[in-house]
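Have a look at the structure below, then the notes.
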Amino acid sequence: MEKVLVAGANGTTGKKIISILKRSDKYEPFAMVRNKEQVEHFKKDNVKTILADLEQDVSGTTKGVDRVIFAAGSGGKNVKGVDQEGAKKLMDASKKDGVKKFVMLSSMGADNPEVSSELKDYLKAKQNADQHLVNSGLEYSIVRPGALNNEVGKGKIVLGNKLNQQGEISRQDVAETLVGSLESSVARNKTFEILQGDTQIKSALEKI
């Protein structure tokens, strides 16, 4: 079983990622959490945890880890410290520790932060983090969904390098796409956008 570190494991999307990985016969999830109360939540669920704070030193966090999914976010409170610099620090640690692949949860609009005045700082942070990953030498997939909702996942998406349309997608389908991108042969060194659509997630990922 390969060890998959999930940054942002305690978030809404992060918990869904952990749940999918738990059902996998290929991956073992490790929840990266920043306080002891969160450790207890995952312990009860028999999920191993790694205690680390993206606003602090994260070196050593990725020791012995095979793959990483970055699904952390500050919820707008500290986009530079968490969404940008925290992500970059975890990428640097991953590179140093020989992580096989880094899957990044980004956002539609990260290629052009000016599109939204209210989300500009967040999208700029995402853009900088994505660029750091592309230049890091790590194998990666960067997933850029539209607006997230909490509807039941449909298991179907539309995927493209640039969709040129806006829309929504469920957190469940985003989580499935992130886990589906962990394989080295899937969306290798690709950046792509996703929205809810009509193509099965696995089929969509095979075509990118």
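The values are calculated or read from the model by the stated rules, or taken from the named source; none is laboratory data. Since this is a predicted model, take the numbers as computed values, not measurements. Heads up, the Cβs are rebuilt from the backbone with ideal geometry, glycines too, and the neighbour counts pull from every protein chain shown. SASA here: full protein model, heavy atoms, side chains in, ligands and nucleic acids out. Shrake-Rupley method; radii C 1.70, N 1.55, O 1.52, S 1.80 Å.
For segment 157-175, the condition of being charged (D, E, K, R), within 21 Å of Ala31 (Cα to Cα) and in contact with a helix residue (DSSP H, G or I) (Cβ under 8 Å, 6 or more places away or on another chain) holds for at least one residue. Go through segment 140-171 and give me each residue that's surrounded by fewer than 21 Cβ atoms within 10 Å (Cβ to Cβ) and closer than 16 Å to Lys16 by Cα. Matches in segment 140-171: Leu148, Asn149, Asn150, Glu151, Val152, Gly153, Lys154, Gly155.
When the helices (runs of 4 or more DSSP H) confined to segment 115-208 are screened for residues that are without any contact (Cβ under 8 Å) to a residue 40 or more places away in the chain, farther than 29 Å from Lys89 by Cβ and small (Gly, Ala, Ser), those reaching at least 1 such residues are found at 201-207. Of the strands (runs of 3 or more DSSP E) lying entirely inside segment 25-104, those carrying at least 3 residues that are modelled with pLDDT of 95 or more and surrounded by 14 or more Cβ atoms within 10 Å (Cβ to Cβ) are 27-33, 67-70. If only residues of segment 1-18 that are under 16 Å from the mean Cα position of the chain (by Cα) and free of Cβ contacts under 8 Å to residues at least 40 places away in the same chain are counted, the one that is least open to solvent (accessible area, probe 1.4 Å) is Ile18.
Filtered by the rule that a residue be under 14 Å from the mean Cα position of the chain (by Cα) and farther than 14 Å from Ile69 by Cβ, segment 130-145 gives Asp130, Arg144.
Look at (1) acidic (Asp, Glu); (2) farther than 19 Å from Glu85 by Cα; (3) touching an Asp or Glu at 6+ places or on another chain (Cβ under 9 Å) and you find that Asp130 fails only one, number (2). Residues in segment 1-26 that are hydroxyl-bearing (Ser, Thr, Tyr) and in contact with a Pro (Cβ under 8 Å, 6 or more places away or on another chain): 0 in all.
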